[in-house]
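Asker: Before I ask anything, here is the structure I am working with.
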């Protein structure tokens, strides 16, 4: 099991069990931010399916006697619909009813890949899940053939049953014990070709939709762990502020208060209810020392970032320049469900319940924090009410564990909205300098230099998460210049000649985290604005210009789709305009067309969004449409109105009241999503649409107002 396996070749295992239980190993290498798949391959032989393994290493499928198909998923559901997508893959290959497939979340394991991020979940699970279900189906058919003494090839499967030519049927559950003993199936265990798919590719309602709207779905805050008491923390007014003294006498004497304990981030109150905890928290009398950024505000941060952007170098001789500098503010993740963690830490063991995109790393960090071996720490992964990258970090879970240890009792810690916005992770602020050099009607060189805030710690250097030291996958890459001739380019979305870039950073003690689409949400937005401005300077239509310069046919196809569906170029009233942008990443591509009403430039309203995406095989087109709709809202928010200010070392915003994410009244009146047909294996989709949506909103605003937007969000 130490072998690393590629996505295209898997070894599927049968586990020793009283019911049919099969497993497929998942890659163990999840170290990169993009969740890259391991590259080594293993050759499958008939005997490989006889090897046994453990749940800790694998994607495991079990058929229960109650005729349920259960797959313990080594990913987290945070609203992106991964449980539905995997259930569809399993139902497809097993010919099971979707209602008979259950996808509980796996606890933190000791081996394997439990990383949820980088838009990698569907693409990394597509092969293993289908291989797994195909083998299970082959064994069930073989078991039925032996029971009925019929040729296995004469049987078929449907609705979680095996059916004989004469009409007899047997549920999978009634066959599971005998199927578990089968060593070599009598029929093929290969997954179906795409031409036979009846579930994959069909728009499907989420399998957990009813549970979510009826309250049956459980989040960390819904848990009733024995003895776990509601807990909140009072935090310093500035980032990184230190506790000097605390007078807790009044708070401790209040009814319902169980404990008041000091923690690294402040002072925790454990009480009978959150009402009691918040009242006692407000009664604490605390003296704080200011944090290290107390002399710093937005203007100074922007100035430092501007100075940290590397020099662009000299443009090609005889070329004309289109240039721009762009500023992007800090942005909070602000998931709808605030951070919550339940922790029960004892002298010799610990048990934690919370929503985590990195549960294996979380367990290691929690174990280190409370001084226990990892083997003594159990992490239960809960569904999350949104994430957008926030749950890659596990600061709330570590804090809950430390409070539980200090209070000597189980706790249910909840960060308030203000806690997370003012002291939680955020997208780093950045500054971009772009120059497009054009001659004879085309771009011959394109340079994009950037500087971003990087998180620093006292004596520890940069954090592993949140630093922005250089371009990431799918963005502008350092020059790979050829000696002869500037065209075509060696890298980049467009045929823009010599594509180059460099990056700098400003180290600040600000908690940072990977925000949906990571660097692409700012990098591509700035680039797409410049592409529009180049087209304008050359006297060309923005869509026509992109068509002649895009390098990939699939990107051209999604651009053509939104231009056609969105009626690009139609006449609009004064103060209204269309904008367009494209993006390519995660083995997928997307285009977005936006219409905006900016007759009042200070209160613009996006009225229409049309998006088209090519993600390879779209397992659940309805889920993909929801993802694209969400990215449209992200683009509207971060371009027009949502950001965080730093005032004298403190985050000014504290709730949705002043962190102005798009509300219902800001949503487009019309939204269309077009999914391009494809037989390719799935690419990534969860983060894909953010850069295109943001770029299209910015370009629409620029055309509607006749301005050149440079600072985002615009209301800053």
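Asker: Would you mind listing the strands (runs of 3 or more DSSP E) fully within region 395-458 where at least 2 residues are without any contact (Cβ under 8 Å) to a residue 60 or more places away in the chain and not assigned by TED's automatic domain parsing to the domain that holds residue 369?
Answerer: 442-457
Asker: Given (1) without any contact (Cβ under 8 Å) to a residue 60 or more places away in the chain; (2) surrounded by 21 or more Cβ atoms within 10 Å (Cβ to Cβ); (3) out of contact with any strand residue (DSSP E or B) (no Cβ under 8 Å at 6 or more places or on another chain), identify the lone condition not met by residue 366.
Answerer: In the conditions (1) without any contact (Cβ under 8 Å) to a residue 60 or more places away in the chain; (2) surrounded by 21 or more Cβ atoms within 10 Å (Cβ to Cβ); (3) out of contact with any strand residue (DSSP E or B) (no Cβ under 8 Å at 6 or more places or on another chain), residue 366 misses (3) alone.
Asker: Return yes or no: is residue 310 assigned by TED's automatic domain parsing to the domain that holds residue 443 and either buried (at least 18 other Cβ atoms within 10 Å of the Cβ) or more than 21 Å from residue 528 (Cα to Cα) (or both)?
Answerer: No; evaluated as a whole, the condition is false for this residue.
Asker: Would you point out which residue out of 403, 398 is crowded, with 19+ Cβ neighbours inside 10 Å, more than 24 Å from the chain's Cα centre (by Cα) and closer than 28 Å to residue 509 by Cβ?
Answerer: Matching residue, one of 403, 398: 403.
Asker: Going by the structure shown, is residue 137 under 20 Å from residue 67 (Cβ atoms) and either in a helix (DSSP H, G or I) or in contact (Cβ under 8 Å) with a residue 12 or more places away in the chain (or both)?
Answerer: Yes: the conditions hold for residue 137.
Asker: Considering 87, 108, which residue is in contact with a strand residue (DSSP E or B) (Cβ under 9 Å, 6 or more places away or on another chain) and surrounded by 24 or more Cβ atoms within 10 Å (Cβ to Cβ)?
Answerer: One residue alone meets the criteria, 87.
Asker: Looking at region 541-548, can you tell me whether even one residue there is in a helix (DSSP H, G or I), touching a residue at least 40 places away in the same chain (Cβ under 8 Å), surrounded by fewer than 15 Cβ atoms within 10 Å (Cβ to Cβ) and more than 28 Å from the chain's Cα centre (by Cα)?
Answerer: Within region 541-548, not a single residue is in a helix (DSSP H, G or I), touching a residue at least 40 places away in the same chain (Cβ under 8 Å), surrounded by fewer than 15 Cβ atoms within 10 Å (Cβ to Cβ) and more than 28 Å from the chain's Cα centre (by Cα).
Asker: For region 329-349, name all the residues that are free of Cβ contacts under 8 Å to residues at least 60 places away in the same chain and in contact with a helix residue (DSSP H, G or I) (Cβ under 6 Å, 6 or more places away or on another chain).
Answerer: Across region 329-349, the qualifying residue is only 349.
Asker: Might you check whether a residue that is touching a helix residue (DSSP H, G or I) at 6+ places or on another chain (Cβ under 9 Å) and within 28 Å of residue 391 (Cα to Cα) occurs anywhere in region 304-327?
Answerer: yes
Asker: Would you confirm whether or not region 84-91 contains a residue that is assigned by TED's automatic domain parsing to the domain that holds residue 192, modelled with pLDDT of 95 or more and under 23 Å from residue 335 (Cα atoms)?
Answerer: Yes: region 84-91 contains one or more residues that are assigned by TED's automatic domain parsing to the domain that holds residue 192, modelled with pLDDT of 95 or more and under 23 Å from residue 335 (Cα atoms).
Asker: Within the group 435, 516, which residue is at pLDDT 90 or above, surrounded by fewer than 21 Cβ atoms within 10 Å (Cβ to Cβ) and under 23 Å from residue 585 (Cα atoms)?
Answerer: So the residue among 435, 516 that is at pLDDT 90 or above, surrounded by fewer than 21 Cβ atoms within 10 Å (Cβ to Cβ) and under 23 Å from residue 585 (Cα atoms) is 435.
Asker: Taking residue 103 as the residue in question, decide whether it is in contact with a helix residue (DSSP H, G or I) (Cβ under 9 Å, 6 or more places away or on another chain) and either assigned by TED's automatic domain parsing to the domain that holds residue 520 or without any contact (Cβ under 8 Å) to a residue 24 or more places away in the chain (or both).
Answerer: Considered against the rule, which asks whether it is in contact with a helix residue (DSSP H, G or I) (Cβ under 9 Å, 6 or more places away or on another chain) and either assigned by TED's automatic domain parsing to the domain that holds residue 520 or without any contact (Cβ under 8 Å) to a residue 24 or more places away in the chain (or both), residue 103 comes out as no.
Asker: Check off (1) over 30 Å from residue 326 (Cβ atoms); (2) out of contact with any strand residue (DSSP E or B) (no Cβ under 7 Å at 6 or more places or on another chain) for residue 295 and give me the number that stays unchecked.
Answerer: Among (1) over 30 Å from residue 326 (Cβ atoms); (2) out of contact with any strand residue (DSSP E or B) (no Cβ under 7 Å at 6 or more places or on another chain), residue 295 violates only (1).
Asker: Return the residues of region 275-298 that are within 29 Å of residue 643 (Cα to Cα) and crowded, with 16+ Cβ neighbours inside 10 Å; say none if nothing qualifies.
Answerer: The answer is 278, 281, 288, 290, 291, 292, 293, 294, 296, 297, 298.
Asker: If we keep just the residues of region 195-216 that are in a loop (DSSP other than H, G, I, E, B) and free of Cβ contacts under 8 Å to residues at least 24 places away in the same chain, which is surrounded by the fewest Cβ atoms within 10 Å (Cβ to Cβ)?
Answerer: Only one residue fits best here, namely 215.
Asker: While we're looking at this one, here's another question. Mind checking which strands (runs of 3 or more DSSP E) fall wholly inside region 287-376 and carry at least 1 residues that are at pLDDT below 95 and over 28 Å from residue 630 (Cα atoms)?
Answerer: Hits in region 287-376: none.
Asker: Identify, from the list 164, 186, 143, 179, the residue that is in the same structural domain as residue 92 (by TED's automatic domain parsing), without any contact (Cβ under 8 Å) to a residue 24 or more places away in the chain and either in contact with a helix residue (DSSP H, G or I) (Cβ under 6 Å, 6 or more places away or on another chain) or surrounded by fewer than 17 Cβ atoms within 10 Å (Cβ to Cβ) (or both).
Answerer: Only one candidate qualifies: 164.
Asker: Moving to a separate point now. Looking at 521, 569, 579, can you tell me which residue is farther than 30 Å from residue 329 by Cβ and either in contact (Cβ under 8 Å) with a residue 40 or more places away in the chain or not in a helix (DSSP H, G or I) (or both)?
Answerer: The match here is 569.
Residues are listed down the side, and each one gets a yes or a no for (1) in contact (Cβ under 8 Å) with a residue 40 or more places away in the chain; (2) at positive phi; (3) in the same structural domain as residue 237 (by TED's automatic domain parsing); (4) in a helix (DSSP H, G or I):
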| position | (1), (2), (3), (4) |
| --- | --- |
| 560 | no, no, no, yes |
| 590 | yes, no, no, no |
| 625 | yes, no, no, yes |
| 631 | yes, no, no, yes |
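The values are calculated or read from the model by the stated rules, or taken from the named source; none is laboratory data. Since the model is a prediction, treat every value here as computed from it, not as a measurement. No Cβ is skipped: glycine too gets one built from the backbone with ideal geometry, and neighbour counts run over all protein chains shown.
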